[in-house]
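Here's the structure we're looking at; comments come further down.
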Amino acid sequence: MSNILDFINTNRDQYVDELKHYLAIPSISALPQHAGDVRRCAEWTADEMRRIGLQNVRLIDTPGNPVVYGEWLGAPGAPTILFYGHYDVQPVDPVELWESPPFEATVREGEIYARGAADDKGQVFMHFKAVEAHLKQNGRLPVNMKFLIEGEEEVGSEHLDDFVRQHKDDLAADVVVISDSPMFDRGVPSICYGLRGLVYVQIDVRGTKSDLHSGSFGGAVANPAMALAQILAQMKDRGGRIKVPGFYDDVRPLGEAERAEFRKLPFHETRYRKELGAPKLFGERGYTTLERVWGRPTFEVNGLLAGFTGEGAKTVIPAVAMAKVSMRLVPNQEPDKTADLFEAYLKKITPRTVELKLTRMHGGRPWMTELDNPFVQAAGRAIERGFGQRPVFNREGGSIPVVSTFQQVLGLPSVLFGVGLPDENAHAPNEKLDLGNFHNGIIASAFLYEEIGQLATVTA
Ligand code: BES
Ligand code: ZN
């Protein structure tokens, strides 16, 4: 391994220059005007995979954005890693809050700033460089690897479940490796063993066929903005508990042992609150902040639109009001069932004075893995070798929908080894990745392949 480490250390700065090219492509999957950029990014990903020495690299079309596939299968008898990541990124608005342009990656104080730096191009690239170091120095990898890099993660991975089902045999492996999450804290590397699921819906409320003069008609009809506000206000009680009947029925309670582990983590609540700029934290009564974010479901309003919001005043009763809302789910909640419960409650509480339309947008199941899994343990050793420190085990509040599909369809465990940071500004202005973590992450990934290569395969 020492020749591989030398190679990685020698090329440290070169990697950052290369990553800048990847980050320059505005592969925003949510915006149709970027469809060409998304495709160009898929092609860039494929070219890079060929450059580092992967084989059988190709774009595979889906009804949405292409999946990029590549492999190296020259280690008979050794386990096979299915590596998953995404080359699409989130929109950049509000763009005026970026201190440097989102698609001109800029290094400031040891961090690289750009959309996709942490989520997820930087972390995918880290694995590319680890593979390259092995292949360039040794001509081989210590494991077999299949790479599946998708372009729709940020819009709910709508076509990926079908893709995985259709390519079930091609994707056969022993374990999935993913780097698409933050580590617990700066200086505290971690392995994530749980993700929340998601249900995302849009609510449209209509009061009248057109906007109305609020003097001539105010008092005669219901105001849809008001109706929507009243609907949303009935989603949670004052203690932060969701009021949708049946919502908690399938929630697996947090066990005492797990709660005790959470309490041992170096979490500083006041620092956390101050970093967020919140006057006071708020969440479900009876749970700590980490428990609320990792182990309990939530309901959130993601966007709200109604009436006149420009400068000045306009006396109007809006015809329509709209909200985008989502619920994060924990084991064993099912997205479809949760959406049904939500819809039933919404219909029940919507006043007859307005018309309601509900559109289900996307969803994903929650996921959790066992900590005594040998692949998780191998990742622990690799991280210790890369970061000089044992990782802690954490859950996360975010979602990666395909992880539970890998479990259900391919029967595979996943190892989530992320090197982002909680303040990485994912999905926000000034997204960044710490370059020290990027570098250590390349080393840890190189060790990870070696560690997994020493385990017994279950597929051979
Ligand atoms: N990288 C995140 C997932 C993530 C976030 C994991 C925080 C752990 C902690 C991923 O790219 C993401 O943002 N996923 C979406 C999924 C959604 C669109 C279905 C999310 O969580 O909102
Ligand atoms: Zn994301």
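Seen from all sides and averaged, what is the projected area of the convex hull of the Cα atoms in the chain, in nm²? With every direction weighted equally, the projected area is 23.1 nm². Using the 1.4 Å probe convention, the accessible area of the chain works out to 44 Å² per residue with neighbouring protein chains retained. As a ratio to 2.2 N^0.38 Å, the alpha-carbon radius of gyration computed for segment 234-274 takes the value 1.61. Against the chain, whose longest principal axis is taken from its Cα atoms, helix 374-387 shows a tilt of about 80°.
Per residue of the chain, the DSSP helices (runs of n ≥ 4 H) give a summed -39500 (n - 2.57) that works out to -10000 deg cm²/dmol at 222 nm.
In a DSSP loop and with at most 13 other Cβ atoms within 10 Å, the GluC sites (Glu not before Pro) in segment 65-134 are Glu99, Glu104, Glu109. Could you tell me what percent of the accessible area of the chain is made up of carbon and sulfur, with a 1.4 Å probe and every protein chain present? Ligands and nucleic acids excluded, carbon and sulfur give 49 percent. Annotation for segment 352-460: GluC sites (Glu not before Pro) lying in DSSP loop with at most 15 further Cβ atoms inside 10 Å of their Cβ are Glu370. Cross-link check: pairs Lys280/Lys324; Lys121/Lys337; Lys20/Lys136; Lys280/Lys314; Lys274/Lys324; Lys314/Lys337 evaluated at a Cα-Cα cut-off of 31 Å; pairs beyond the cut-off: Lys121/Lys337; Lys280/Lys314; Lys314/Lys337.
Quick one: angle between helix 335-349 and the longest Cα principal axis of the chain, in degrees between 0 and 90, rounded to 10, please. So the inclination is approximately 10 degrees.
The relative contact order of segment 352-460 comes to 35 percent, based on Cα pairs under 8 Å that sit 6 or more residues apart. Considering amide H positions built from the backbone, and no H for Pro or chain starts, which residues 5 or more places from Val221, or on another chain, come under 5 Å of its amide H? Hits under the 5 Å cutoff: none.
What number comes out for the charge environment of Val199, summing +1 per Lys or Arg and -1 per Asp or Glu over other residues with Cβ under 9 Å away? Counting the neighbours of Val199, the net charge comes to +1. Between Val57 and Glu71, the built amide H atoms are under 5 Å apart, and every one of these is 5 or more places off in sequence or on another chain.
All other residues with a Cβ under 12 Å from the Cβ of Lys280 taken together, and with Lys, Arg as +1 and Asp, Glu as -1, what is their net charge? Within the 12 Å Cβ shell, the charges total +1.
Roughly speaking, what % of Cα-Cα pairs in segment 130-205 are separated by over 22 Å, rounded to a whole number? That fraction is 51 percent. When Rg and the Kirkwood Rh are both derived from Cα coordinates, the Rg/Rh ratio for segment 110-242 amounts to 1.18. Computed from Cα positions, the angle between helix 35-51 and the longest principal axis of the chain comes to roughly 20 degrees.
The mean sequence separation of alpha-carbon pairs under 8 Å and at least six residues apart, normalised by the residue count of the chain, gives a relative contact order of 27 percent.
The values are calculated or read from the model by the stated rules, or taken from the named source; none is laboratory data. Keep in mind it's a predicted model, so treat the numbers as computed, not measured. Glycine gets a Cβ as well: all are built from the backbone with ideal geometry, and neighbour counts include every protein chain shown. For the accessible areas, the whole protein counts, side chains as well, though only heavy atoms, and no ligand, DNA or RNA atoms are used. Shrake-Rupley method; radii C 1.70, N 1.55, O 1.52, S 1.80 Å.
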